[in-house]
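Please read the structure below before turning to the comments.
The values are calculated or read from the model by the stated rules, or taken from the named source; none is laboratory data. Values in this document were obtained by computation on a predicted structure and should not be read as measured data. Glycine also receives a Cβ, built like all others from the backbone with ideal geometry; neighbour counts cover every protein chain displayed. Keep in mind that these areas ignore ligands, DNA and RNA; they rest on the heavy atoms of the full protein, side chains included. Shrake-Rupley method; radii C 1.70, N 1.55, O 1.52, S 1.80 Å.
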Amino acid sequence: MVKRHMREPSKACRFLAFRLLLVTGVGLSLSGSVFAQTSPPLTLTRALELAKSRNGDVRSAIFDLRAADSRVKQAFAAFLPIVTPVYRYTSARQESATYLGGHFIQTEGGSTTIDGSWRVLDTGERDLTYRSSKRSFDAQRLITLQTLRTTLFSVEQQYYEALRAQELQSVSDAEVDRTKLILEQTRARVELKDAAAKDILQAEADALNAQVSSLLARNRSTNAQATLKATLGLPSGEPLPVLEAVPVPELVGPEGELDSLLSEGVRNRPDLISRRKLIDAQKLNLERARRGALVSLGVDLNYSPQITPKYLQDRSFLLTASIPLFDGGRSREQAREINANVQSSLALLEQSERVARSEIETAYKDFGQNAERAKAAQAALTAAKKNYEAASDSQKAGASNLIEVITARVSLVTAESNFVEALYDYTISDVKLRLVLGRPIPGE
């Protein structure tokens, strides 16, 4: 990665404006495209904020985290005394009958008590439960973080895909204008008897094909915007504001050796750390199950004063010790089940680390290759632009034929498309590498 990116990860995504007019003078700009709207531009920063507040996956993960926090508090509450005020009202009628007659007893009245109980000692079950819930909470926090990270990456990717589609449409629109210009120049040369009349047919066909390509590019842009709106949680019926252009990045490859990055990613990725935390929680549950299969000890204090209708006190000290002499093997099998779950989680963790290494290696190589590809595409675009301008001016002056201009035009539109594709692939691969390495990404 670029050192600038590492020092300021929150600014690493503020690039990639494919206003090729500013870079190469091609004349492609979004300002006059169909995407220009009256609403304020949607910046990438604002898009990330919308995703954090409105995306359903992120909101669900946050609620899961709150639930895990509540479980920790429930486990801690087991160490505290329980105080329960109770009011009881009784209305009872007891009847009896003998051969001498019958009678009944009517009882009515209310009482108010405060029941208090406190388990002051056990064999560690409460502590194991509490520690397990803490590990589970830590794991859920990391799962929530990973959900947020992957969602933010999706927003960046889809934001750039929408920009890519807009720029490719600008390329197609510029191609339509160029084919119309070539058609006009061809007609002019035919009128001057400098070109054959059949050249007009070729120029007209090129102009119509360019219009078809422009419509396809417009459809791709519409689909990209719809995907981005869904991820941001925006209503499907509302138009997406124009996306703000950002500067073109410096085209550099990844920093660091692959081996060190592999170790960094396996060590720092939230999804892998969360798996390790869950395994720790399972091991604590296993220890609790094994203790339960041996001896259980408990010391409880109870105090229940009655306040009305008259004052009474009920105090007790309860020592309980139990040994599961025979339970059909249930306790032993519970421990075996948890142990099997631990071994299963360890196997999944090992496989997840293998997958993570594969993702890091792929992202590392993609980033480097995309940097080289973007540099080559930029140079090709500059050359293709100069070649087209020379061929077009030559045809206008009658010094070249239609085939030469068409060849130059095709080369230019190919270079424009390749540059847009390469530059967006480079930017997305940059963020992708930071994601799989567990490094901070914009918006996190």
Every listed condition ((1) touching a residue at least 40 places away in the same chain (Cβ under 8 Å); (2) over 25 Å from the mean Cα position of the chain (by Cα)) holds for D259 save (1)
Report every pair of residues separated by at least 6 positions or lying on different chains whose Cβ atoms are under 9 Å apart, first residue within segment 313-328 and among the hydrophobic types (A, V, I, L, M, F, W, C), second at pLDDT below 90 and open to solvent by 80 Å² or more (accessible area, probe 1.4 Å).
I323/L294
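Of the residues that make up segment 163-172, is at least one open to solvent by 30 Å² or more (accessible area, probe 1.4 Å), over 16 Å from A51 (Cβ atoms) and at pLDDT below 90? Steps first, please.
Just the residues of segment 163-172 that are open to solvent by 30 Å² or more (accessible area, probe 1.4 Å), to begin with: none.
No, that holds for no residue.
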Looking for something over 30 Å from D122 (Cβ atoms), modelled with pLDDT of 95 or more and open to solvent by less than 70 Å² (accessible area, probe 1.4 Å) - is there at least one such residue anywhere in segment 333-348?
yes
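Scan segment 205-214 and tell me whether some residue there is under 15 Å from I403 (Cα atoms) and in contact with a Ser or Thr (Cβ under 8 Å, 6 or more places away or on another chain).
Scanning segment 205-214, I find at least one residue that is under 15 Å from I403 (Cα atoms) and in contact with a Ser or Thr (Cβ under 8 Å, 6 or more places away or on another chain), so the answer is yes.
Please work out which residue is nearest to L121 (Cα to Cα), limiting yourself to segment 303-330 and to residues that are of a type in the set (V, I, T) and out of contact with any Leu (no Cβ under 9 Å at 6 or more places or on another chain). Show your work before the answer.
Taking segment 303-330 as the starting set, the residues that turn out to be of a type in the set (V, I, T) are 307-308, 320, 323.
Okay, now just the ones that are also out of contact with any Leu (no Cβ under 9 Å at 6 or more places or on another chain), so 307-308.
Numbers: I307: 29, T308: 32 Å.
The residue in question is I307.
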Taking into account only those residues within segment 238-289 that are in contact with a Gly (Cβ under 6 Å, 6 or more places away or on another chain) and in a loop (DSSP other than H, G, I, E, B), which is surrounded by the most Cβ atoms within 10 Å (Cβ to Cβ)?
R269
Quick check on segment 213-237: of everything there that is among the aliphatic types (A, V, I, L, M), touching a residue at least 12 places away in the same chain (Cβ under 8 Å) and closer than 27 Å to R178 by Cα, which residue is surrounded by the fewest Cβ atoms within 10 Å (Cβ to Cβ)?
L216
Quick check on segment 190-212: of everything there that is surrounded by 19 or more Cβ atoms within 10 Å (Cβ to Cβ) and in a helix (DSSP H, G or I), which residue is farthest from the chain's Cα centre (by Cα)?
D199
Residues of segment 61-97 satisfying the condition of being within 30 Å of Y160 (Cβ to Cβ), in contact (Cβ under 8 Å) with a residue 12 or more places away in the chain and open to solvent by 60 Å² or more (accessible area, probe 1.4 Å)
I62, D64
Please name all residue pairs, on different chains or six or more residues apart, with Cβ atoms under 6 Å, provided the first residue is in segment 272-284 and is aromatic (F, W, Y) and the second residue is surrounded by fewer than 20 Cβ atoms within 10 Å (Cβ to Cβ).
none
Only one of T151, T129 is within 34 Å of the chain's Cα centre (by Cα), open to solvent by 40 Å² or more (accessible area, probe 1.4 Å) and touching a residue at least 40 places away in the same chain (Cβ under 8 Å). Can you tell me which?
T129
